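So the structure is just underneath, and the comments pick up after that.
Each reported figure results from applying straightforward, stated rules to the coordinates on display, with no laboratory input. Because the structure is a prediction, the values reported are computed rather than measured. Cβ coordinates were reconstructed from backbone atoms using ideal geometry, including for glycine residues, and neighbour counts include every protein chain displayed.
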Amino acid sequence: MTKIPIEGKRIHLLYKNAIEPLVVEEVQRQMQRLPVKLLNSLNRDEIMSQAIAYALNRLPSMYATSERGWHFQYQKAIEQFRPQIVTAVRQALAAIQRDPLTPVWRLTHPSEERGQWSDRQQRQYKQG
């Protein structure tokens, strides 16, 4: 579920990317093969977050808004994109080992915690 500000209210949207759990699973699988010394020298949560984001940015999005649609997209992702998922995760972990990416940051906008966004904040958020 995603919360977005629309006309000063937070709207809940329901959608899922069916390729995400496959990427998470593959990151976990490949991380088990990394040297223990390397894993102990880095923050595992940050490695996972960075590897997942890196891989997802190199794979097609497969969003669905219903359980039936999600299962369809999930099966399609397994059948059509498994090799690309493995490769994208391998590249992600290699990139992190070569040059650790920037630290993981908070994804929530500070005003989101208060439950309100000003008009100015909404405009800035939309502009990126």
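Spacing of the modelled spin labels on Leu38 and Thr87, each 7 Å from Cα toward Cβ, amounts to 2.0 nm. In this simple spin-label model, placing a label point 7 Å from the Cα along the Cα-to-Cβ direction at both Arg98 and Arg58 gives a separation of 0.9 nm. Highest-first packing order for the peptide set 15-23, 54-62, 31-39 is 15-23, 54-62, 31-39, based on the mean count of other beta carbon atoms within 10 Å.
Assuming a ≥ b ≥ c are the square roots of the Cα gyration tensor eigenvalues, decide whether region 8-86 counts as rounded (a/c under 1.5), prolate (otherwise, with a/b larger than b/c) or oblate.
Details: a/c = 2.98, a/b = 1.52, b/c = 1.96.
It comes out oblate by the Cα gyration axes.
Looking at region 1-50, which GluC sites (Glu not before Pro) are in a loop (DSSP not H, G, I, E or B) and have at most 15 other Cβ atoms within 10 Å? Present the calculation step by step, with values, prior to reporting the outcome.
Numbers: sites: Glu7, Glu25, Glu26, Glu46; in loops: Glu7.
When the GluC sites (Glu not before Pro) of region 1-50 are filtered for loop state and at most 15 Cβ neighbours within 10 Å, Glu7 remain.
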